[in-house]
Amino acid sequence: MLNKIILFLLCFGITVNCLASSPDAWEEFRDEVIASCEKAAPEVLRLDDYSITADPFGSESYGMAIMRGKTPEKADVFHICVYDKGSRKAEVGSEISSEPEHPKVSLIKGPRLDDVRGLNGINGSTRYPIRNHEKYLPDCTASLEQGTREGEAYNYMVFYKDGRVVAEITGEKGKVSAIIVTSRAITPATEGMIGDRLGSFIWGGDEKTYREYCLPGMEEWSGKIICKTRDVVRDDTKHIRHVFSGDYEGPDGELPPLNAAGKFTIEATIWKK
């Protein structure tokens with residue numbers, strides 16, 4: 001990540017002019033860049049393991065610095081600061097995560113959730129309850145359990161792998177109606193898996209795209225964010241949605257602002273008929 005940021009700075013137009021001033025003058029210049037960058041982004045100073053590294057000389061018109069630290073979740077983040085030598089003011093860019101800006105779809109290994117085929121072939125045409133689940137998920141065990149929704153009882157199938165819940169399946173009128181994946185043991189054929197951050201994807205790019213792709217969760221998903229997904233070739237999926245959860249104290253039924261939503265992570269992936 002640091003190498004990529006340095007490459008960006010080089011592409012931005014840094015040309016080192018190391019013959020222009022004395023060592024003391026360059027040291028004073030670096031101190032001014034650091035002080036101006038810290039003033040421009042006081043929130044960055046609150047990151048754990050915070051540090052800032054100034055370019056020794058800058059370009060003809062600008063000074064540059066890399067600000068780095070760790071979030072409370074211990075994720076590495078970076079900010080690029082640009083200092084205008086003319087105005088003697090600094091501006092700081094948005095947070096750059098150590099994760100890829102658009103994570104690639106993982107190589108499919110083991111059970112797979114696909115927009116068309118569902119979960120290893122379990123989809124809307126599969127009879128429910130599923131009696132031969134070993135045919136679809138040979139490494140999983142299953143149990144039929146009961147719950148309540150809006151005061152009415154219903155049954156659902158829970159699938160376990162190595163003693164942990166990996167998916168829940170519900171049915172309607174004798175057919176599978178919904179699949180909820182809750183573990184990275186099952187790979188969705190989409191961008192994103194359990195635990196990935198909303199801000200790392202297209203949904204976190206800007207407010208307009210975020211509100212185009214995402215809706216506030218309702219009922220059992222109250223307080224969550226539900227977003228449309230994209231497949232391997234980045235086309236919107238028809239049946240699959242990601243459910244994001246995080247800390248936000250706003251009213252139910254409203255999307256959190258993007259600066260808060262970007263830190264939400266995928267809690268579940270839903271396939272719905």
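The values are calculated or read from the model by the stated rules, or taken from the named source; none is laboratory data. Please read all numbers here as calculations on a predicted model, not as lab measurements. Methodologically, a virtual Cβ is constructed for each residue, glycine included, from the backbone with ideal geometry; neighbour enumeration extends over all protein chains shown.
Pick out the one residue from Gly58, Gly63, Gly69 that is assigned to a strand (DSSP E or B), modelled with pLDDT under 85 and over 19 Å from Gly204 (Cα atoms). Break it down into steps so the answer makes sense when it comes.
On the way: Gly58 fails: assigned to a strand (DSSP E or B); Gly63 fails: modelled with pLDDT under 85.
That would be Gly69, the only listed residue that is assigned to a strand (DSSP E or B), modelled with pLDDT under 85 and over 19 Å from Gly204 (Cα atoms).
Among the residues of the stretch 56-85, the one identified as surrounded by 22 or more Cβ atoms within 10 Å (Cβ to Cβ) and aromatic (Phe, Trp, Tyr) is Tyr83. Can you pull out the residues in the stretch 134-168 that are in contact (Cβ under 8 Å) with a residue 40 or more places away in the chain and in contact with a helix residue (DSSP H, G or I) (Cβ under 9 Å, 6 or more places away or on another chain)? Those that are in contact (Cβ under 8 Å) with a residue 40 or more places away in the chain and in contact with a helix residue (DSSP H, G or I) (Cβ under 9 Å, 6 or more places away or on another chain): Arg149, Glu150. Within the stretch 250-269, residues that are farther than 27 Å from Arg184 by Cα and modelled with pLDDT of 90 or more sit with their Cβ atoms under 7 Å from residues that are of a type outside the set (Asp, Glu) and buried (at least 17 other Cβ atoms within 10 Å of the Cβ), at 6+ positions apart or across chains, in these pairs: Glu254/Pro216. Screening the stretch 173-192 for residues that are part of a loop (DSSP other than H, G, I, E, B) and not charged (D, E, K, R) and picking the one that is farthest from Leu113 (Cα to Cα) gives Gly174. Take the stretch 252-273 and flag every residue that is part of a helix (DSSP H, G or I) and surrounded by fewer than 18 Cβ atoms within 10 Å (Cβ to Cβ). Passing the criteria: Asn259, Ala260. Comparison of Glu168, Glu191, Glu150 shows that the only residue that is modelled with pLDDT of 95 or more, among the acidic types (Asp, Glu) and assigned by TED's automatic domain parsing to the domain that holds Trp271 is Glu168.
Is at least one residue of the stretch 78-86 on the phi < 0 side of the Ramachandran plot, modelled with pLDDT under 80 and assigned to a loop (DSSP other than H, G, I, E, B)? Reasoning before the result, please.
Taking the stretch 78-86 as the starting set, the residues that turn out to be on the phi < 0 side of the Ramachandran plot are 78-86.
Checking the rest, the ones that are also modelled with pLDDT under 80 come to none.
Taking every residue of the stretch 78-86 in turn, none turns out to be on the phi < 0 side of the Ramachandran plot, modelled with pLDDT under 80 and assigned to a loop (DSSP other than H, G, I, E, B).
Taken together, Val233, Val181 contain a single residue that is aliphatic (A, V, I, L, M) and free of Cβ contacts under 8 Å to residues at least 12 places away in the same chain, which is Val233.
Within the group Leu107, Leu45, which residue is of a type outside the set (Asp, Glu), modelled with pLDDT under 75 and in a helix (DSSP H, G or I)?
The unique qualifying residue is Leu45.
For the stretch 210-251, a residue qualifies if it is among the basic types (Lys, Arg) and either assigned to a loop (DSSP other than H, G, I, E, B) or farther than 30 Å from Asn123 by Cβ (or both), and the qualifying residues are Lys224, Arg234.
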